[in-house]
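Structure record follows, encoded as structure tokens.
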Amino acid sequence: MNGTVIVVPCYNEAHRLKVADFVAYAAAFRDVALLFVDDGSRDTTWEVLQDLQRQAGSNVHLLRRSPNAGKAEAVRAGMNEALDHLAPEFVGFWDADLATPLEAIQDLRCILARQPSIDMVFGSRVRLLGRRIERRPVRHYLGRLFATVVSNLLRLPIYDTQCGAKLFRASNELRIVLREPFVSRWVFDVEIIARFIRLAGGDPARVAPRIYEFPLYVWQDIAGSKVRPGDFFKAFRDVLRIHRRYLARRQRHS
């Protein structure tokens, strides 16, 4: 049994993957397993991951998928693999570019360990004194607009849904949430929350106390990100699809 499993989705990351950082973390935290999911990469990502595993040892695991299905399905496949075969207490996902440093895993899992009523801890990119949050202005302002729309549709006062650093308590409810493929390739983070709300009878007030947003100490934009400004418009479209599928009917009758 692994205390914590972190899923790291990878697509064409051969030249960006910080192998040394992952190897060092795996050596320092033996109770955290790293599960890398190669989502149909067309470069040498798989070979790089195999080399990383050889260097890091037994708490690094690999899953190869083909063809490319997108980050949402890579994360879902990895989390299901972890739940089915690694029996973690906590399971989550982390962006491969390490925009959020791996050390923040400890912050997130401490919240889950100390507060049994919390089931989800999300890294949040809040610019506060004493924190180093480096986002390009256009991404910051588009992100604030997006978060406002999501908060209104979910009826949940969440600050940052899209940070790629999230950790969950490994529960039967999480298994249900991850059972079906996501309808969104872009904002599956929002879809996960919407599925939890659906399981709670459509009542966001029953889900809100179970989510903890942790203001990260460090986050920075990494060169080579696959997110483009135009993707925000696709994200808005997907949020509307998520709302119609999981929440609209329940909200009309509430």
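The values are calculated or read from the model by the stated rules, or taken from the named source; none is laboratory data. Keep in mind the model is a prediction, meaning the values are calculated, not measured. We place every Cβ from the backbone using ideal geometry, glycine too, and count neighbours over all the protein chains shown. Each accessible area value is taken on the protein alone, full model and side chains, heavy atoms only, with ligands, DNA and RNA left out. Shrake-Rupley method; radii C 1.70, N 1.55, O 1.52, S 1.80 Å.
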### Task
Sticking to Cα atoms, compute the Rg of the stretch 1-107 to one decimal and its Dmax as the biggest Cα-Cα distance, whole number, in Å.
12.4, 35
### Task
With springs connecting C-alpha atoms under 10 Å apart, model the chain as a Gaussian network and identify which of P137, P101, P181 has the largest mean-square fluctuation.
P137
### Query
Roughly how compact is the stretch 108-150, stated as its Cα Rg over 2.2 N^0.38 Å to two decimals?
1.50
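Using the Cα centre of the chain as the reference point, and only Cβ charges (+1 on K/R, -1 on D/E), how large is the resulting charge dipole? Debye, rounded to the nearest 20. Before the final figure, lay out the partial values.
Working: 39 positive and 28 negative charges, 242 e Å.
For the chain, the charge dipole is close to 1160 debye.
Using the Cβ atoms and a cut-off under 11 Å, what net charge is assigned to the surroundings of I158, where Lys and Arg are +1 and Asp and Glu are -1?
Details: positive: R155; negative: D160, D189, E213.
Summing Lys and Arg as +1 and Asp and Glu as -1 gives -2.
In the neighborhood of V19, defined by Cβ-to-Cβ distances under 13 Å, what is the net charge if each Lys or Arg adds +1 and each Asp or Glu adds -1? Don't jump to the answer; show the numbers that get you there.
Values: positive: R16, K18, R54; negative: E13, D21, E47, D51, D97.
Summing Lys/Arg as +1 and Asp/Glu as -1 gives -2.
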#### Entry: Proximal aspartates and glutamates to K166, defined as alpha-carbon separation beneath 16 angstrom and excluding residues fewer than eight positions away on the same chain
E73, E89, D95, D97, E103, D107, D119, D189, E191, E213
### Message
Starting from a Cα-only point model with no solvent, please compute log10 I(q)/I(0) by Debye for the stretch 112-227 at q = 0.09, 0.11, 0.20 1/Å.
### Response
-0.26, -0.39, -1.24
### Query
Okay, helix-only estimate at 222 nm for the chain: each DSSP H run of n ≥ 4 adds -39500 (n - 2.57), divide by all residues, round to 500 deg cm²/dmol; what do you get?
-12500 deg cm²/dmol
### Summary
Of L129, L216, L49, the most mobile residue in a GNM of the chain (C-alpha springs, cutoff 10 Å) is L129
### Message
5 Å is the cut-off here: which amide hydrogens, built 1.01 Å from N in the peptide plane, fall below it relative to A69, excluding neighbours closer than 5 in sequence?
### Response
none
### Task
Along Cα→Cβ, 7 Å out, is where each label goes; now give me the distance between the ones at V149 and R241 in nm to one decimal.
1.4
### Summary
The relative contact order of the chain, taking Cα pairs under 8 Å that sit 6 or more residues apart, comes to a percentage of 22
### Message
Suppose all protein chains stay in the model; what accessible area per residue would a 1.4 Å probe give for the chain, in Å²?
### Response
47
### Summary
Expressed to one decimal in nm², the mean projection of the alpha carbon convex hull of the stretch 73-116 is 3.7
### Message
Compute a Gaussian network model of the chain, connecting alpha carbons closer than 10 Å, and tell me which residue from V177, V138, V121 fluctuates the most.
### Response
V138
### Query
Between the stretch 100-124 and the stretch 44-89, how many Å separate their Cα centres?
21
### Query
Taking amide hydrogens as modeled 1.01 Å from N in the peptide plane, which residues meet the under 5 Å criterion relative to A33, leaving out close sequence neighbours?
T4, V5, I6
